[in-house]
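Report on the structure given below.
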Amino acid sequence: MDFKEIFTLCFFLTDNKVLLAMKKRGFGKDKWNGYGGKVGIKQGESIESAAVREIFEESNLSVQESKLEKVGLVRFSFDKKPKPEFFECHVFMAREWKGDPVETEEMRPEWYPINNLPFNEMWAGDCKWIPLVLSGKKIKARVDFDSEGSKLNNFTWEEADFSS
């Protein structure tokens, strides 16, 4: 499996609510998601430092790397022809941060009750794996989409341990 990109994704939790953001441009436009983005592996950027950087760029929230709890490693595939595309996403939760989320050129924030997420405006597979991590599970998952990412072709997961 040849990964095209490595990404981070972070969900902020407080009082049974989760912070989501509407993507306003680029990949994932018009979908609710957590905050995150590409890891600059070639520039020597760590996954955690990429998460902190992307969070600040997209929301103006400051979070320390030590306050990021890794809860998932999700591998996404898109059934592109002639060759599928694979993306690896490292998923974190944050319960401590500084600042208030602000709208940026890329993202518009909104708090949602954990039990009432806008899955009809999210990626097709999000309804499968996001409730797992929001319920406290740590997972490794595989999410296979059609070529556009609008239809879920397959979903598998297993519990994981990221403590090392």
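The values are calculated or read from the model by the stated rules, or taken from the named source; none is laboratory data. Predicted model, so just to flag it, every value in this text is computed and none were measured. Please note: Cβ atoms are built from the backbone with ideal geometry, for glycine as well, and neighbour counts cover all protein chains shown.
For (1) in contact with a strand residue (DSSP E or B) (Cβ under 7 Å, 6 or more places away or on another chain); (2) buried (at least 20 other Cβ atoms within 10 Å of the Cβ); (3) not in a loop (DSSP other than H, G, I, E, B), each residue gets a yes or a no:
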| position | (1), (2), (3) |
| --- | --- |
| L19 | yes, yes, yes |
| R25 | no, no, no |
| K29 | yes, no, no |
| E45 | no, no, no |
| A50 | yes, yes, yes |
| E54 | yes, yes, yes |
Flag if S46 is modelled with pLDDT under 95, of a type in the set (S, T, Y) and in contact with a Phe, Trp or Tyr (Cβ under 9 Å, 6 or more places away or on another chain): no
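Of everything in the range 62-85 that's out of contact with any strand residue (DSSP E or B) (no Cβ under 7 Å at 6 or more places or on another chain) and not small (G, A, S), which residue is farthest from C10 (Cα to Cα)?
First, pick out the residues of the range 62-85 that are out of contact with any strand residue (DSSP E or B) (no Cβ under 7 Å at 6 or more places or on another chain): 64-66, 80-83.
Filter once more, keeping what is not small (G, A, S): 64-65, 80-83.
Details: Q64: 12, E65: 12, K80: 27, K81: 30, P82: 32, K83: 29 Å.
Checking each candidate, the answer is P82.
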Residue match in the range 78-98 (condition: under 16 Å from A21 (Cα atoms), surrounded by 15 or more Cβ atoms within 10 Å (Cβ to Cβ) and not aliphatic (A, V, I, L, M)): yes
Strands (runs of 3 or more DSSP E) completely within the range 57-164 that count 1 or more residues being in contact (Cβ under 8 Å) with a residue 40 or more places away in the chain and more than 17 Å from W32 (Cβ to Cβ): 68-78, 85-94, 139-145, 152-159
